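Below is one structure; the comments refer to it alone.
The values are calculated or read from the model by the stated rules, or taken from the named source; none is laboratory data. Given the structure is predicted, the values throughout are model-derived calculations rather than measurements. With ideal geometry, Cβ positions are generated from the backbone for all residues, glycine too; neighbour counts draw on all protein chains shown.
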Amino acid sequence: MSGRAKPDDDALTGEYVLGLLEGAERTTFERRLARERELQGRVAYWRDRFSDLDASARPQQAPALLWSRIERVISDRLALRAEPRVNLTERLWTSLSFWRGASFASAAASLVLAVAVGLIAGRATPRPMVIAVLQAGDATPGAIIEAFHDGRIAVVPLKDIEVPPGRALEVWTLFDQARGPVSLGLIERARRAQFTTANLPARENQLYEITLEPATGSPIGRPTGPILMKGFALTPR
């Protein structure tokens, strides 16, 4: 007999398909899955949506330095986390078992992952208008940017970035060629950051980039330093 769907079933289903449910939580979910047809349908749906990851990704060996960075970030997140139940995005970033089982492959696969996270997590957390995966010069994912309806823009670095003394990272967006790049703000080092913008759009294929600038920001209101990473926005489906 089919049970009644719960409000967070979509998030739970996504976590199950991505391998984030563990222990008693996973056991409870699988018991429900064995008897609830609606839940079985949601699992089939999300497995189909995530199949693009397998289709577009070629497995690669992640360097030891990257694992060290991931483990350090996860450790910091777990130390700070107070709520017993967090959203899918947080669970994904803090699941070492997920990252060790993931294929570090093309930027296209990383973008599919970012959008997939947005698809599920949007039910429990504010849904971003657009998501962009910024690629470094070697075409590997360097950062994720999420732009929200209320003007917030979240920047999540995926790798260490060397910032020399007296310099800073400046985040830019380009939505109008006539106006040119617009600065969103400065980051003194590679860390998660959030900016609040006013009257700036967030559109499909809008360019976002991070450059290396003086500690106080570009002196001319335009990028002057090297572009460390860039990428185009995609609207979560």
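With the condition kept exactly as written, say whether any residue in segment 214-222 is within 15 Å of VAL133 (Cα to Cα), at pLDDT 90 or above, assigned by TED's automatic domain parsing to the domain that holds VAL133 and not aliphatic (A, V, I, L, M). Within segment 214-222, not a single residue is within 15 Å of VAL133 (Cα to Cα), at pLDDT 90 or above, assigned by TED's automatic domain parsing to the domain that holds VAL133 and not aliphatic (A, V, I, L, M). On the basis of being on the phi > 0 side of the Ramachandran plot, outside any strand (DSSP E or B) and not hydroxyl-bearing (Ser, Thr, Tyr), does GLY221 make the cut? Spelling it out, GLY221 is indeed on the phi > 0 side of the Ramachandran plot, outside any strand (DSSP E or B) and not hydroxyl-bearing (Ser, Thr, Tyr).
Do the conditions hold for ALA178, that is, is it more than 22 Å from the chain's Cα centre (by Cα) and of a type in the set (A, V, I, L, M)?
Taking the combined requirement at face value, the residue satisfies it.
Each row is one residue, and each column tells you yes or no for (1) in a strand (DSSP E or B); (2) at pLDDT 55 or above; (3) in the same structural domain as PHE232 (by TED's automatic domain parsing); (4) over 23 Å from ALA11 (Cβ atoms).
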{"position": "SER110", "(1), (2), (3), (4)": "no, no, no, no"}
{"position": "GLU146", "(1), (2), (3), (4)": "yes, yes, yes, no"}
{"position": "GLU162", "(1), (2), (3), (4)": "no, yes, yes, yes"}
{"position": "VAL171", "(1), (2), (3), (4)": "yes, yes, yes, yes"}
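Restricting attention to segment 162-198, which residues are polar (S, T, N, Q), loosely packed, with under 14 Cβ neighbours inside 10 Å and touching a residue at least 40 places away in the same chain (Cβ under 8 Å)?
Taking segment 162-198 as the starting set, the residues that turn out to be polar (S, T, N, Q) are 173, 177, 183, 194, 196-197.
Restricting the remaining residues to those that are loosely packed, with under 14 Cβ neighbours inside 10 Å gives 177, 194, 196.
Selection gives GLN194, THR196.
With the condition kept exactly as written, say whether any residue in segment 218-233 is over 20 Å from GLU146 (Cβ atoms) and free of Cβ contacts under 8 Å to residues at least 12 places away in the same chain. Yes; the residues of segment 218-233 include at least one that is over 20 Å from GLU146 (Cβ atoms) and free of Cβ contacts under 8 Å to residues at least 12 places away in the same chain. Scanning segment 173-213 for residues that are part of a loop (DSSP other than H, G, I, E, B) and of a type in the set (A, V, I, L, M) turns up ALA178, ALA190, ALA198, LEU200, ALA202.
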